[in-house]
Amino acid sequence: MTDVVRSASYIAATVAELRRHSSADKAAGFVSQRALFPRRGRIELDGERLVLSDWSDGDDLTLSPAAIVSLRREFTSLYGRFMGGLLNAGKPLIMETTTAGEIYILIDRREISEFTNNRRWEAAIAAWQAEAAK
């Protein structure tokens, strides 16, 4: 097993989970984003894999570099600017994966300021994928 290079807390949701939210859920999301993101745990990146702990029923979601089809940070109709903050730092990290579909992640999100470490994680994951492709 490879040593963990990067580790943090996360909250996340699949696209299907975000689409199911009612108006009441979205209103609760203005108070706390945790209302919109039912999955939470630790995200860890090492030389071989990206792991989202406690993804489903206590099981981890483990992704290889090839399992991440696309990676971006942006506000979308599912998670927009007014729910995610007004600054670039509040954009969700969106990963399209071969195993879990498209997922929205907020890494080390600060509740009051709505800042995340998503920008750094996006760069680290992209570099990890590039290194694996060599």
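Results, tabulated for the structure shown:
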item: Listed residues E17, E48 arranged by accessible area, highest first, probe 1.4 Å; result: E48, E17
item: Inter-label distance for R19 and V69, nm, one decimal - labels placed 7 Å from Cα along Cα-to-Cβ; result: 1.4
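The values are calculated or read from the model by the stated rules, or taken from the named source; none is laboratory data. Model, not experiment: these values are computed from the prediction. All Cβ positions, glycine included, derive from the backbone under ideal geometry; neighbour counts span all protein chains shown. In case anyone asks, the SASA skips ligands and DNA or RNA and just uses the protein heavy atoms, side chains included. Shrake-Rupley method; radii C 1.70, N 1.55, O 1.52, S 1.80 Å.
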